[in-house]
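Enquirer: The structure that follows is given in the form of structure tokens.
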């Protein structure tokens, strides 16, 4: 591990104890990876000193005095509690487990709300942007092409690398908290050119156009390539932000895809040859009607009861256009008495949806617009939920296992129809 | 002579991920392991549906597996196992990722990777395994199979 003078100074404690502990953790992490140096990062997204009952109990602290204890001992893996100064680089906080406004709807306790608020306020006081979303790129944090980032949240990581051409590995809580204080992250993996080339070639032989189509394609590809890097060619329409978001999130949950290339679309895939780095792919994998149907059936294998009692949208957090679509489908209508509708988004996008009148339409129809979390992260569904309807392959991957419920997967319109009728009428493509 | 007898001890050489020494019974899986959503860090058990270790505890075992997958909460979930005293004693794995590197560091248990032979081929659940993390040396003593 080669350290620059300023890195060595931090490690020696010349910039204070917190940076020393952060550098100590980052050096151990870099050595574990086999990295030889750090890169300077200017954009960090994490969950600094996120409080949980187990941590408060273990460190014998209350929500009022926990921040530096948890930041030091858990986030920085330090045996000593240090004073946590202002963050050194642009830092933002990702989603948490409770909505500051809709916590009662989520069934959360006042104590859970208070933990979240105290942790958030202490982070904000140190300069962390409180974005509270899995989609920081929709809430005002858009990295530039080539920018070295240190991001958590697999769906945001894949978006950052693939769509924006910025560079991040899937970082964890401890490495992001250390990077916020130091502006350093190991020079390994996606920070390096040679790591970013495609390994697998996916040939799409069926039209992929709708958001659901893109979610299914991502889900198929994640299972097919696991942690590798796909390049996709063939019958794909130029996807918008929402399609990228659903595609990447799906590929990052059925597999561990951290970067993808779409020929002629994404910034490092002007041509197939460029995406592959002039090398032959490890495998060429076709995706046709049969693969698409099989993916749809796999996603719907966790449901058998057509009576839907819960519809959850907004995974990853809804973009404004998605809230507009949902409001459009609900205008002048009322959801079924047997069904609840929760739509999750970021605080930033909700402010826009409020201003645009979409939130009011969704509420008038009987639905709720919630922020900061989702059903999987909050481990929250309405009491008595047995069967959910979802338009996200990622949420369909996680929610049934986490909450022990059935889940249907379909289009946003299928889901709104289920909310209105209490019945699943989604159709296989 | 019939078939050569199995040597009592097999030694693997790899690269240190985290130093330290531990020994214990091996728990081997060919499935990658998810942290957040894949384990219960309060009990030290695998909970992922369809995982071959589902319901099994890795507490105090030498965990031998291909590597990490899933959410970026991997390190934090395994970090909590250190706090709840349900962590494995050591980890041996093949596929290096940021998730597992960071998780290994904050769990503070010896970890080795980049082996001269595939540990998934050599080690079986129940073998007694000695891990010298600093030197990257793993000694396997055939134990009673589970």
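The values are calculated or read from the model by the stated rules, or taken from the named source; none is laboratory data. As the structure is a prediction and not an experimental result, all values here were calculated from the model. Cβ atoms come from the backbone with ideal geometry, glycine included; neighbour counts cover every protein chain shown.
Enquirer: Would you pick out the residues in the range B:70-80 that are touching a residue at least 40 places away in the same chain (Cβ under 8 Å), buried (at least 24 other Cβ atoms within 10 Å of the Cβ) and either touching a strand residue (DSSP E or B) at 6+ places or on another chain (Cβ under 8 Å) or within 22 Å of residue A:228 (Cβ to Cβ) (or both)?
Expert: B:74, B:75, B:78
Enquirer: Follow-up question, since we're still on this one. Scan the range A:159-166 and tell me whether some residue there is in the same structural domain as residue A:46 (by TED's automatic domain parsing), at pLDDT 95 or above and under 15 Å from residue B:102 (Cα atoms).
Expert: no
For every residue, the table says whether it meets (1) touching a helix residue (DSSP H, G or I) at 6+ places or on another chain (Cβ under 7 Å); (2) more than 25 Å from residue A:138 (Cβ to Cβ); (3) crowded, with 19+ Cβ neighbours inside 10 Å.
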residue: A:202; (1), (2), (3): yes, yes, yes
residue: A:209; (1), (2), (3): no, no, no
residue: A:222; (1), (2), (3): yes, no, yes
residue: A:225; (1), (2), (3): no, yes, yes
residue: A:230; (1), (2), (3): yes, no, yes
residue: A:236; (1), (2), (3): no, no, yes
residue: A:240; (1), (2), (3): no, no, no
residue: A:245; (1), (2), (3): yes, no, yes
residue: A:249; (1), (2), (3): yes, no, yes
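Enquirer: Filter the range A:297-326 for residues that are surrounded by fewer than 23 Cβ atoms within 10 Å (Cβ to Cβ) and in a helix (DSSP H, G or I) and give the result.
Expert: Hits for the range A:297-326 are A:297, A:298, A:320, A:321, A:324, A:325.
Enquirer: Kindly indicate the residue of the range B:97-132 that is part of a strand (DSSP E or B) and surrounded by fewer than 24 Cβ atoms within 10 Å (Cβ to Cβ) and also farthest from the other protein chains (Cβ to nearest Cβ) among those meeting that condition.
Expert: B:128
Enquirer: Among what's in the range A:399-408 and is at pLDDT 90 or above and more than 13 Å from residue A:344 (Cβ to Cβ), pick the residue that is nearest to the other protein chains (Cβ to nearest Cβ).
Expert: A:400
Enquirer: A further question on this structure: Tell me the helices (runs of 4 or more DSSP H) entirely within the range A:1-112 that contain at least 1 residues that are at the interface with chain B (Cβ under 10 Å from one of its Cβ atoms) and within 26 Å of the chain's Cα centre (by Cα).
Expert: Ranges flagged: A:17-33, A:53-59.
Enquirer: Continuing with the same structure: For the range A:342-377, which residues satisfy the criterion of being over 22 Å from residue A:249 (Cα atoms) and not in a helix (DSSP H, G or I)?
Expert: A:357, A:365, A:366, A:367, A:368
Enquirer: For the range A:333-341, indicate whether the set of residues that are crowded, with 20+ Cβ neighbours inside 10 Å and part of a helix (DSSP H, G or I) is non-empty.
Expert: For the range A:333-341, residues crowded, with 20+ Cβ neighbours inside 10 Å and part of a helix (DSSP H, G or I): absent.
Enquirer: Quick check: is even one residue across the range A:106-126 touching a residue at least 12 places away in the same chain (Cβ under 8 Å), closer than 21 Å to residue B:99 by Cβ, crowded, with 24+ Cβ neighbours inside 10 Å and assigned by TED's automatic domain parsing to the domain that holds residue A:47?
Expert: No; the residues of the range A:106-126 include none that is touching a residue at least 12 places away in the same chain (Cβ under 8 Å), closer than 21 Å to residue B:99 by Cβ, crowded, with 24+ Cβ neighbours inside 10 Å and assigned by TED's automatic domain parsing to the domain that holds residue A:47.
Enquirer: So how many residues does the range A:168-200 have that are at positive phi and in contact with a strand residue (DSSP E or B) (Cβ under 7 Å, 6 or more places away or on another chain)?
Expert: Residues flagged as at positive phi and in contact with a strand residue (DSSP E or B) (Cβ under 7 Å, 6 or more places away or on another chain) within the range A:168-200 amount to 1.
Enquirer: Return the residue satisfying two criteria in turn: it lies in the range A:150-170 and is more than 12 Å from the chain's Cα centre (by Cα) and within 15 Å of residue A:186 (Cβ to Cβ), and of such residues it is nearest to the other protein chains (Cβ to nearest Cβ).
Expert: Out of the qualifying residues, it is A:169.
Enquirer: Something else about it: Under the condition of being surrounded by fewer than 20 Cβ atoms within 10 Å (Cβ to Cβ) and under 27 Å from residue A:189 (Cα atoms), which residue from the range B:49-69 is nearest to the other protein chains (Cβ to nearest Cβ)?
Expert: Top of the filtered list is B:67.
Enquirer: So is residue A:360 farther than 21 Å from residue A:384 by Cα and surrounded by fewer than 20 Cβ atoms within 10 Å (Cβ to Cβ) or not?
Expert: yes
Enquirer: While we're here: Looking at this structure, is residue B:23 in contact with a strand residue (DSSP E or B) (Cβ under 6 Å, 6 or more places away or on another chain) and modelled with pLDDT under 90?
Expert: Spelling it out, it is not the case that residue B:23 is in contact with a strand residue (DSSP E or B) (Cβ under 6 Å, 6 or more places away or on another chain) and modelled with pLDDT under 90.
Enquirer: Counting only residues that are part of a helix (DSSP H, G or I) and touching a strand residue (DSSP E or B) at 6+ places or on another chain (Cβ under 6 Å), which one in the range A:378-429 is surrounded by the fewest Cβ atoms within 10 Å (Cβ to Cβ)?
Expert: By that ranking, first place goes to A:400.
Enquirer: Out of (1) touching a strand residue (DSSP E or B) at 6+ places or on another chain (Cβ under 8 Å); (2) surrounded by fewer than 24 Cβ atoms within 10 Å (Cβ to Cβ), the odd one out for residue A:73 is which?
Expert: With respect to (1) touching a strand residue (DSSP E or B) at 6+ places or on another chain (Cβ under 8 Å); (2) surrounded by fewer than 24 Cβ atoms within 10 Å (Cβ to Cβ), residue A:73 is out only on (1).
Enquirer: Among the residues of the range B:49-69, which ones are in a loop (DSSP other than H, G, I, E, B) and closer than 15 Å to residue B:104 by Cα?
Expert: Correct list: B:58, B:59, B:60, B:61, B:66, B:67.
Enquirer: With the structure loaded, tell me whether residue B:38 is farther than 19 Å from residue A:30 by Cβ and surrounded by fewer than 23 Cβ atoms within 10 Å (Cβ to Cβ) or whether it fails that test.
Expert: In short, no.
Enquirer: So which residues in the range A:402-411 are touching a helix residue (DSSP H, G or I) at 6+ places or on another chain (Cβ under 9 Å) and without any contact (Cβ under 8 Å) to a residue 40 or more places away in the chain?
Expert: A:402, A:403, listed by residue number.
Conditions tested, residue by residue: (1) within 11 Å of chain A (Cβ to nearest Cβ); (2) assigned to a loop (DSSP other than H, G, I, E, B); (3) under 19 Å from residue A:154 (Cβ atoms).
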residue: B:71; (1), (2), (3): yes, yes, yes
residue: B:79; (1), (2), (3): yes, no, yes
residue: B:87; (1), (2), (3): no, yes, no
residue: B:95; (1), (2), (3): yes, yes, yes
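Enquirer: In the range B:22-48, what count of residues is obtained for those that are within 12 Å of the chain's Cα centre (by Cα), in a loop (DSSP other than H, G, I, E, B) and away from every other protein chain (no Cβ under 11 Å)?
Expert: Here the count works out to 3.
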